[in-house]
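Each remark here refers to the structure printed beneath this line.
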Amino acid sequence: MFMGRGALYELCFLEAGSGFLPCTTTKDEGLSVCLKNSRSWSSRRNPGRPRRCGTACSASGDKTAVKLPGFDSGLPVPELNRSQVSISPRDRAEVLVQALPYIQKFAGKTFVIKYGGAAMKSDHLREQVIRDVVFLSCVGVRPILVHGGGPEINFWLNKVGIEPQFKGGLRVTDRDTMDVAEMVLAGRVNKALVAFINNLGGKAVGLSGKDGGLIHAEPLNPELGLVGKIKKINPGLLDLLAENSYIPVVSSIGTDEHGNTYNINADTLAGDLAASLSAEKLILLTDVPGVMTDMNDPKSLIPVLSVSESTQLIGNGSISGGMVPKIGCCIKALLAGTKTSHIVDGRLENSLLLETFTEAGCGTMVVP
């Protein structure tokens, strides 16, 4: 997150005609990172103001642009050189003061964060996300981190000679596959995240749905084998840990009354946990900027959606594909008492802090 005198500053992207290229102007001819006073130009909580860069930026004379290296086509992960921006001790102090209302508002509140996608594959992004989580914990937020691990499951299945099988986009999970999935999710991935958080000064505890009877599951579809859906959640253990300043790290594993183990979709688990805890926020880290009506046009990003608007956009096909179940998780959490749900680009550096401690936020916020 970039900070400047007198305000919290945030990243703002412009679309290039073909791919994304470096740009230091406010014209739609490349990727620009603008250090702008969010109060003066953009606020999703004040929808009358423009949220994205363009004419609003060019109308102000205090914009600073940081030139970036070129990118290939697609939505890039910006690697910014912080040495290009000078931040004085006075600036840092003022930024912290301006973050104070958000820190006060969210202290003691529960955030359920689903961690996955590119942010899980890149060492640099992994460190940024985990630092954000530790920061949230240090200022009094109660983060609960939920994770999957599909690519690593595939890697280890191949390593032991088990070919991954999919049906309708869902993994077919026999007992051998489930053994590997549990080893990866509850073992390698979970404990690596716990160690990372602890090394950065947090206090993390790794859990699967088996621990403390946290997640009771049942088969989603007999044809998919040990792929589960959530039958019941017992959040008492999570409350106990969070109340004592621990960060629960939950792998997407559940069990039934017969001791069978099930692989559960991590987005679904995060939504159900947020619902059971009546969390302040559900945040889904994804590989897209948020909900867009045109996946090829970043300008079609929708900053705020209500439940009724979400349902309408799904109905008319404006929201489709993999975004539909994510919106479903957000709606379920909201209807159960979660205050807001968020779909955020995990490839954007410090996206959790931008979403939590700036007025404009980032990505798409879903509200009741």
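The values are calculated or read from the model by the stated rules, or taken from the named source; none is laboratory data. Treat the numbers as computed from the prediction; the structure is a model and nothing was measured. A quick note on method: Cβ atoms are made from the backbone with ideal geometry, for glycine too, and the neighbour counts reach across all protein chains shown. Side chains are part of the model used for accessible areas, which takes the heavy atoms of the whole protein and leaves out ligands, DNA and RNA. Shrake-Rupley method; radii C 1.70, N 1.55, O 1.52, S 1.80 Å.
For the condition under 15 Å from residue 279 (Cβ atoms) and out of contact with any strand residue (DSSP E or B) (no Cβ under 9 Å at 6 or more places or on another chain), what is the one hit in 109, 114, 121, 105? Talk me through it step by step, then tell me what you get.
Working: 109 fails: out of contact with any strand residue (DSSP E or B) (no Cβ under 9 Å at 6 or more places or on another chain); 114 fails: out of contact with any strand residue (DSSP E or B) (no Cβ under 9 Å at 6 or more places or on another chain); 121 fails: under 15 Å from residue 279 (Cβ atoms).
Within the list 109, 114, 121, 105, the selection yields 105.
If I filter segment 139-160 down to residues being at pLDDT 95 or above and not aliphatic (A, V, I, L, M), which single residue comes out as surrounded by the fewest Cβ atoms within 10 Å (Cβ to Cβ)?
140
Out of segment 148-192, which residues are of a type in the set (S, T, N, Q) and either more than 25 Å from the chain's Cα centre (by Cα) or closer than 21 Å to residue 220 by Cα (or both)? Write out each step before concluding.
Narrowing segment 148-192 to residues of a type in the set (S, T, N, Q): 154, 158, 165, 173, 177, 190.
Of everything in segment 148-192, those that are of a type in the set (S, T, N, Q) and either more than 25 Å from the chain's Cα centre (by Cα) or closer than 21 Å to residue 220 by Cα (or both) turn out to be 154, 158, 165, 173, 177.
Would you please list the contacts, defined by Cβ atoms under 6 Å and residues six or more apart or on different chains, that run from a residue in segment 284-299 that is under 19 Å from residue 330 (Cα atoms) and touching a residue at least 60 places away in the same chain (Cβ under 8 Å) to a residue that is in a strand (DSSP E or B) and hydroxyl-bearing (Ser, Thr, Tyr)?
Matching pairs, first to second residue: 285/115; 290/364; 291/364.
Residue 232 versus (1) assigned to a strand (DSSP E or B); (2) open to solvent by 30 Å² or more (accessible area, probe 1.4 Å); (3) in contact with a helix residue (DSSP H, G or I) (Cβ under 8 Å, 6 or more places away or on another chain): which is the lone unmet condition?
The one condition residue 232 does not meet is (3).
Of everything in segment 292-323 that's touching a helix residue (DSSP H, G or I) at 6+ places or on another chain (Cβ under 7 Å) and open to solvent by less than 50 Å² (accessible area, probe 1.4 Å), which residue is nearest to residue 272 (Cα to Cα)? If you could, list the steps in order and put the result at the bottom.
Taking segment 292-323 first, the residues touching a helix residue (DSSP H, G or I) at 6+ places or on another chain (Cβ under 7 Å) are 292-294, 307, 310, 314, 319.
The next check asks that each one be open to solvent by less than 50 Å² (accessible area, probe 1.4 Å); those that pass are 292, 307, 310, 319.
Working: 292: 24, 307: 17, 310: 19, 319: 21 Å.
So, considering only residues that are touching a helix residue (DSSP H, G or I) at 6+ places or on another chain (Cβ under 7 Å) and open to solvent by less than 50 Å² (accessible area, probe 1.4 Å), the one nearest to residue 272 (Cα to Cα) is 307.
Return the total of residues in segment 329-356 being open to solvent by less than 10 Å² (accessible area, probe 1.4 Å) and either among the aromatic types (Phe, Trp, Tyr) or part of a loop (DSSP other than H, G, I, E, B) (or both).
Residues flagged as open to solvent by less than 10 Å² (accessible area, probe 1.4 Å) and either among the aromatic types (Phe, Trp, Tyr) or part of a loop (DSSP other than H, G, I, E, B) (or both) within segment 329-356 amount to 2.
Could you list all residues from segment 206-222 that are more than 22 Å from residue 193 (Cα to Cα) and out of contact with any strand residue (DSSP E or B) (no Cβ under 8 Å at 6 or more places or on another chain)? Please lay out each step first, then the result.
Initial filter on segment 206-222 (more than 22 Å from residue 193 (Cα to Cα)): 216-222.
Of everything in segment 206-222, just one residue is more than 22 Å from residue 193 (Cα to Cα) and out of contact with any strand residue (DSSP E or B) (no Cβ under 8 Å at 6 or more places or on another chain), namely 222.
What about residue 256, is it under 18 Å from residue 115 (Cα atoms) and either open to solvent by less than 60 Å² (accessible area, probe 1.4 Å) or within 22 Å of the chain's Cα centre (by Cα) (or both)? Steps first, please.
Working: under 18 Å from residue 115 (Cα atoms): no; either open to solvent by less than 60 Å² (accessible area, probe 1.4 Å) or within 22 Å of the chain's Cα centre (by Cα) (or both): yes.
No: the conditions fail for residue 256.
Checking residue 206 against (1) open to solvent by 40 Å² or more (accessible area, probe 1.4 Å); (2) in contact with a helix residue (DSSP H, G or I) (Cβ under 7 Å, 6 or more places away or on another chain); (3) of a type in the set (Gly, Ala, Ser), which single condition isn't satisfied?
Checking residue 206 against (1) open to solvent by 40 Å² or more (accessible area, probe 1.4 Å); (2) in contact with a helix residue (DSSP H, G or I) (Cβ under 7 Å, 6 or more places away or on another chain); (3) of a type in the set (Gly, Ala, Ser), the one that fails is (1).
Listed here are the residues, each with its yes/no results for (1) touching a helix residue (DSSP H, G or I) at 6+ places or on another chain (Cβ under 6 Å); (2) open to solvent by 70 Å² or more (accessible area, probe 1.4 Å); (3) at pLDDT below 50.
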position: 51; (1), (2), (3): no, no, yes
position: 61; (1), (2), (3): no, yes, yes
position: 66; (1), (2), (3): yes, no, yes
position: 69; (1), (2), (3): no, yes, yes
position: 97; (1), (2), (3): no, yes, no
position: 107; (1), (2), (3): no, no, no
position: 122; (1), (2), (3): no, no, no
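Take the residues in segment 161-188 that are without any contact (Cβ under 8 Å) to a residue 24 or more places away in the chain and in a helix (DSSP H, G or I); name whichever of them is surrounded by the fewest Cβ atoms within 10 Å (Cβ to Cβ). Outline the logic, then answer.
First pass over segment 161-188, keeping only residues without any contact (Cβ under 8 Å) to a residue 24 or more places away in the chain: 161-166, 168-169, 176, 179, 187.
Subset that is in a helix (DSSP H, G or I): 176, 179, 187.
Details: 176: 12, 179: 15, 187: 14.
Per the stated criteria, the residue is 176.
This table checks each residue for (1) at pLDDT 95 or above; (2) under 25 Å from the mean Cα position of the chain (by Cα).
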site	(1), (2)
194	yes, yes
199	yes, yes
205	yes, yes
213	no, no
218	yes, no
223	no, no
227	no, yes
231	yes, yes
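Hey, among the residues in segment 266-314 that are in a loop (DSSP other than H, G, I, E, B) and aliphatic (A, V, I, L, M), which one's nearest to the chain's Cα centre (by Cα)? Give the steps one after another, and end with the answer.
We begin by selecting, within segment 266-314, every residue in a loop (DSSP other than H, G, I, E, B); these are 278-280, 287-291, 293-297, 302-303.
Filter once more, keeping what is aliphatic (A, V, I, L, M): 279, 288, 291, 295, 302.
Working: 279: 15, 288: 10, 291: 13, 295: 18, 302: 16 Å.
The selected residue is 288.
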